[in-house]
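Single-structure report; data block below.
The values are calculated or read from the model by the stated rules, or taken from the named source; none is laboratory data. For clarity, every value in this text was computed on a predicted model and none was experimentally measured. Using ideal geometry, Cβ is built from the backbone for each residue, glycine included, and neighbour counts are taken over all protein chains shown. Just so you know, the surface numbers come from the protein's heavy atoms only, side chains and all, with ligands and any DNA or RNA stripped out. Shrake-Rupley method; radii C 1.70, N 1.55, O 1.52, S 1.80 Å.
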Amino acid sequence: MISYLVRNTFARILRSHNAVNIVASSAFKKDIHTTIPSYELMEFFDSKKNWTETSIRVGRAWKLDELRIKSNSDLHKLWYVLLKERNMLYTMEHECNDKMKLFPNPERIDKVQESMNNIETVVRERNVAYYKLETGETGERPVEDVVNIFGLPEKYEKSEHYLPKFMNTRWVRPYLEHGFTNSAAVKRFYRLNREKQHNNDRKARNRDFNHVQQLLKRFPNMDMEKLKAEYPNVDLEKAKRSKKARGHYFPKY
Amino acid sequence: MSTRWYPIYQRGNPQLRVFLPNFWMKLVRPRGTQLPNIVHFECSMEMTKHDIKNYLNKIYNIPVVEVRTKIFLGKFKRDIGKGYIVKDDDIKNAIVTLPKDMKFEYPDIFEKAKDETEEQEKALTEAKKSFQNYIDRNKNRSDVPSWFSI
């Protein structure tokens, strides 16, 4: 009963963003209804006074540091408040789009989402801390560097399986008996993959070289050692001699 | 995500509890006419019928008799300029039956909305007024750019 009251009050606080409006009696009034309440479905809509508003002013999202000092149960309650608020905003946005109206202050959705992400971050932090203390591990999903069936490196996110590896004959056959796939199609794929990689490298090299030329043109008195440290793969002497590095002034180099 | 990482369900194990559900649901206007105790929702694609029932029951305190779900295929469109094909997201629709004695009618939210032309006119006059204000303020310093002030 109390948690229900608290939840309702929270929802109202967030909905109206105005603590003065909250009267305990209204929360009580809800509870002494004898018939089945049908207005719970109205929680999917904004409060009536906001229906015709063209701009609805709200505060900012919850910050990480504010959430870190809250207890677990508070975070849990706040999560449900935010969840309901997000559902409400989604519903109103949908209806506005349906009726070809402007949805007032759509950044509200982003703010709620950011708060929810922050809550998740805090819960995760606590989870990791607890696991480290108790077991010495993070308790996060384990990730392993593996070589996949094409012989390429891959990050494999481990998950639980009904069968252990050695019993899973369908999985074992391609992986353990035949080794890596080595057909003509795969060889062709390797070639194309290498070509792509090579092209990417070449483009990065040219991009850096051109950028250094432009830098030399704009800032001829730059600290060359720092530039060398920033772009170690660029031949500075060659860049200095090039036409692109020459500015509209008497050449320095 | 550690809080979303549950052991797989084996028969006989206790049912899994969702700690911080990330599901969303939105109440939408039903397509066509509908019985008064039937409500239409759109929801996350991952939600099952059990999830929908529990979600409404536990979080919103709405008694649910039956849930039916339907997935609408998103529309395929051809991009006008480039010619490639784009597809809208699929939509999961939940048709929820409430008990017989409950009624829900989708509210008309923009019933009392002010006339749009009136509002536009108001905004226009306001803009005109502020521009006039700006001109009046800079009457005596015509050569100074607008950003040059305290």
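Scan region A:129-137 and tell me whether some residue there is within 23 Å of the chain's Cα centre (by Cα) and more than 10 Å from chain B (Cβ to nearest Cβ).
Among the residues of region A:129-137, at least one is within 23 Å of the chain's Cα centre (by Cα) and more than 10 Å from chain B (Cβ to nearest Cβ), which makes the answer yes.
When the residues of region B:91-116 are narrowed to those that are assigned to a strand (DSSP E or B) and among the aliphatic types (A, V, I, L, M), which ends up nearest to residue B:33 (Cα to Cα)?
Across region B:91-116, the extreme among qualifying residues is B:95.
Which number in (1) surrounded by 10 or more Cβ atoms within 10 Å (Cβ to Cβ); (2) in a loop (DSSP other than H, G, I, E, B); (3) over 19 Å from the mean Cα position of the chain (by Cα); (4) not hydrophobic (A, V, I, L, M, F, W, C) marks the one condition that residue A:140 misses?
Result: residue A:140 passes all but (3).
Of the residues A:114, A:40, A:66, A:93, which is open to solvent by 50 Å² or more (accessible area, probe 1.4 Å), under 17 Å from residue B:26 (Cβ atoms) and either acidic (Asp, Glu) or modelled with pLDDT of 85 or more (or both)?
Result: A:93 is the single residue among A:114, A:40, A:66, A:93 that is open to solvent by 50 Å² or more (accessible area, probe 1.4 Å), under 17 Å from residue B:26 (Cβ atoms) and either acidic (Asp, Glu) or modelled with pLDDT of 85 or more (or both).
Test residue B:7 against the stated conditions and say whether it is facing another protein chain (nearest Cβ under 9 Å), in a loop (DSSP other than H, G, I, E, B) and surrounded by fewer than 10 Cβ atoms within 10 Å (Cβ to Cβ).
In short, yes.
Taking residue B:32, is it open to solvent by 70 Å² or more (accessible area, probe 1.4 Å) and more than 24 Å from residue A:74 (Cβ to Cβ)?
Here the answer is no, as residue B:32 does not meet what is asked.
Can you pull out the residues in region A:86-107 that are more than 20 Å from the chain's Cα centre (by Cα) and of a type outside the set (A, V, I, L, M, F, W, C)?
A:91, A:93, A:94, A:95, A:97, A:98, A:99, A:101, A:104, A:105
Could you look through region B:74-119, keep only residues that are open to solvent by 100 Å² or more (accessible area, probe 1.4 Å) and within 11 Å of chain A (Cβ to nearest Cβ), and pick out the one that is nearest to residue A:42 (Cα to Cα)?
Applying the filter and picking the extreme gives B:105.
Scan region A:47-63 residue by residue and report those that are surrounded by 13 or more Cβ atoms within 10 Å (Cβ to Cβ) and assigned to a helix (DSSP H, G or I).
Residue satisfying the conditions is A:50 alone.
What is the number of the single condition among (1) without any contact (Cβ under 8 Å) to a residue 40 or more places away in the chain; (2) open to solvent by 30 Å² or more (accessible area, probe 1.4 Å); (3) under 21 Å from residue A:88 (Cα atoms); (4) over 21 Å from the mean Cα position of the chain (by Cα) that residue B:65 does not meet?
Residue B:65 satisfies all of (1) without any contact (Cβ under 8 Å) to a residue 40 or more places away in the chain; (2) open to solvent by 30 Å² or more (accessible area, probe 1.4 Å); (3) under 21 Å from residue A:88 (Cα atoms); (4) over 21 Å from the mean Cα position of the chain (by Cα) except (3).
Answer yes or no: is there a residue in region A:69-85 that is open to solvent by less than 80 Å² (accessible area, probe 1.4 Å), at the interface with another protein chain (Cβ under 10 Å from one of its Cβ atoms) and basic (Lys, Arg).
yes
Take residue A:190 and tell me if it is hydroxyl-bearing (Ser, Thr, Tyr) and either open to solvent by 100 Å² or more (accessible area, probe 1.4 Å) or assigned to a helix (DSSP H, G or I) (or both).
yes
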